[in-house]
Amino acid sequence: MEGQLGRIRRESLREKVVSADEAASWIQDGMTLGLSGFTRAGDAKAIPEALVKRAHDEQFKVNVFTGASLGHDIDKLFTEAGIVNKRLPFQADAAMRKGINNGELLFVDHHLSNTSELVRGGVLPQIDYAVLEAVAIAEDGSIIPSTSIGNSLIFAEHAKAIIVEINVAHSEEWEGVHDVYDPGVLGDREPIPLMHPDERIGTYGIPVDPDKIAGIVLTEEYDSFSTIDQPDAETETMAGHLLQFLRSEIEAGRLTNELAPLQSGIGSQANAVLHGLLDSEFENLELYSEVLQDSVFELIDVGKVKSASCTSITVTEERMDKLRNNLPFYKEKIIMRPQEISNHPEVIRRLGTISINTALEFDIYGNVNSTHVTGTKMMNGIGGSGDFARNARLAIFVTKSLAKDGAISSCVPFVSHVDHTEHDVDIIVTEQGYADLRGLAPKERVPLIIDRCAHPSYRDQLWTYYKEALSRGGHTPHILEKALGWHIRLTETGTMHETREEVKPL
């Protein structure tokens, strides 16, 4: 215990150490919590677990705000305990997903850069308790985050009180990785002074009034590890298509072998595409992203990365072991920022990022659905893909052309839910190929998307739909009564494939 108390370097705060159960008892029905954590990293652990235990004997509901998804099955346990009234801005748990779609809890899906603005502007309910994981509390009371920052800064600033979970499983060597910067109030702020991904513009810790810290809980529990799938033959092929496109940009004089700051969304496919850079000629790369996954550290290991800016680090167990054992080496490359800075449209546009995100489905004109299965069932949330897609130099969306053993085509006549309009999508990549949509009218996009990105087993159906739509005219031809017919067929029959009887010659 004495060694753990040494993490609280402001000695007057040591008297505020309490058990997780005691701290959890302060949280009452109807309150709003701001929990640290972004994609299973740096998440508050002990207080949420104590709340779940308390729910066995007491009925209560709270609003839960985070940076993104939580680890340790917290979202699952919260859902099963029935203690969530409203959740935002992102989740990735099957049980919570089911609860959201069944109407058991409310979910607010918005761009990850916007949470801080909604909190700062007083649009959302005021946060009663910010519960933040840290590796230490500095002499001035600043909170030193662990493996993510996410929304911890804005939660600390605007919560009525703060509970700090000091997690001694994380090394104090994490101190110095973070760059904490508050842009200020809308309408009364300076330009964010960030010109290059490797620049530091803020402080190492989250500055707080020490009197605002209501309690400190000592914990020792590692983050949940990433569950991403390893690259397979199809994702390797996708990576090859993306590299082919990047090389064409270099030939055209729009990029060099150093590319431009790269962003890759969370997930197996986006991670696998970055993995494809390992054996490429590209070098001296810069990352300006939300999450650093395994592929980024593989690129660092082979000397291809100049710097990597993020708001969270989410990796597999094997990779985390290597990271912990070599943290001083990786610290030279990594900078961790609040998510409103990592995802800020102004900075993304200024840096000219190349952004790679995952689509659930895309249509023949380039609209992308990232969130809703068959238009109504929430998957995880839009996350930061919209922050980057609308503002990036290159907005690239990747996905396999088929899902559910071929029953679902990722390319459809019209997406069932629009997260990214055709105006924000530059490149679509599948294992079939890539389509560069920049500067093309709707009718010019269609043949590229169908012939280069759709799976061959669905191309005839797509062409049949489009040719009939053309006969009706319009700038963006559609058959309104059939535009979502593929999704209806999937719901009714379990597949998007037409039967032979349904196919009618033109």
Residue within the range 167-182 that is open to solvent by 10 Å² or more (accessible area, probe 1.4 Å), in a strand (DSSP E or B), hydrophobic (A, V, I, L, M, F, W, C) and over 22 Å from residue 340 (Cβ atoms) present: no
Residue that is open to solvent by 10 Å² or more (accessible area, probe 1.4 Å) and β-branched (Val, Ile, Thr), where the choices are 371, 358: 358
Residue list for the range 401-434, restricted to those being small (Gly, Ala, Ser) and in contact (Cβ under 8 Å) with a residue 24 or more places away in the chain: 401, 406, 407, 409, 410, 416, 433
Subset of the range 52-66 that is buried (at least 17 other Cβ atoms within 10 Å of the Cβ) and out of contact with any strand residue (DSSP E or B) (no Cβ under 7 Å at 6 or more places or on another chain) - its residue that is nearest to residue 37 (Cα to Cα): 52
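How many of the residues in the range 409-436 are farther than 19 Å from residue 465 by Cβ and aliphatic (A, V, I, L, M)? Lay out the reasoning, then the answer.
Here is the first cut: in the range 409-436, the residues farther than 19 Å from residue 465 by Cβ are 419-421, 423-427, 429, 431, 433-434, 436.
From the residues that got through so far, the ones that are aliphatic (A, V, I, L, M) too are 425, 427, 429.
Residues that pass the stated criteria total 3.
Does at least one position in the range 11-24 carry a residue that is in contact with a His (Cβ under 9 Å, 6 or more places away or on another chain), surrounded by fewer than 17 Cβ atoms within 10 Å (Cβ to Cβ) and either among the polar types (S, T, N, Q) or over 23 Å from residue 168 (Cβ atoms) (or both)? If you could, list the steps in order and put the result at the bottom.
Restricting attention to the range 11-24, the residues satisfying the condition of being in contact with a His (Cβ under 9 Å, 6 or more places away or on another chain) are none.
There is no residue in the range 11-24 that is in contact with a His (Cβ under 9 Å, 6 or more places away or on another chain), surrounded by fewer than 17 Cβ atoms within 10 Å (Cβ to Cβ) and either among the polar types (S, T, N, Q) or over 23 Å from residue 168 (Cβ atoms) (or both).
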Only listed residue being open to solvent by 10 Å² or more (accessible area, probe 1.4 Å), touching a strand residue (DSSP E or B) at 6+ places or on another chain (Cβ under 9 Å) and under 23 Å from residue 434 (Cβ atoms), chosen from 462, 448: 448
Pairs where the first residue, in the range 383-396, is at negative phi and modelled with pLDDT of 95 or more and the second is in a helix (DSSP H, G or I) and open to solvent by 10 Å² or more (accessible area, probe 1.4 Å), C-beta under 6 Å, 6+ apart: 389/424; 390/424; 391/345; 391/349; 395/424
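Which of the helices (runs of 4 or more DSSP H) found entirely inside the range 13-125 contain at least 1 residues meeting this: of a type in the set (Ser, Thr, Tyr)? Give the steps one after another, and end with the answer.
Values: elements: 20-25, 46-54, 74-81, 94-101, 115-120.
Output list reads 20-25, 74-81, 115-120.
So, of the residues in the range 313-332 that are outside any helix (DSSP H, G or I) and open to solvent by less than 10 Å² (accessible area, probe 1.4 Å), which turns out to be nearest to residue 200 (Cα to Cα)? Talk me through it step by step, then tell me what you get.
Within the range 313-332, the subset outside any helix (DSSP H, G or I) is 313-316, 326, 332.
Applying the additional criterion that residues be open to solvent by less than 10 Å² (accessible area, probe 1.4 Å) yields 313-315.
Working: 313: 18, 314: 22, 315: 24 Å.
Here the answer is 313.
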Among (1) part of a loop (DSSP other than H, G, I, E, B); (2) of a type outside the set (Ser, Thr, Tyr); (3) open to solvent by less than 30 Å² (accessible area, probe 1.4 Å); (4) closer than 30 Å to residue 99 by Cα - the single one residue 417 does not satisfy: (3)
Residues of the range 203-246 that turn out to be open to solvent by 20 Å² or more (accessible area, probe 1.4 Å) and in a strand (DSSP E or B), as a count: 3
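The values are calculated or read from the model by the stated rules, or taken from the named source; none is laboratory data. Just so it is clear, the model here is predicted, and its values are computed rather than measured. Note: ideal-geometry Cβ built from the backbone for every residue, glycine included; neighbour counts use all protein chains shown. We work out accessible area using only protein heavy atoms, side chains counted, and drop any ligands, DNA or RNA first. Shrake-Rupley method; radii C 1.70, N 1.55, O 1.52, S 1.80 Å.
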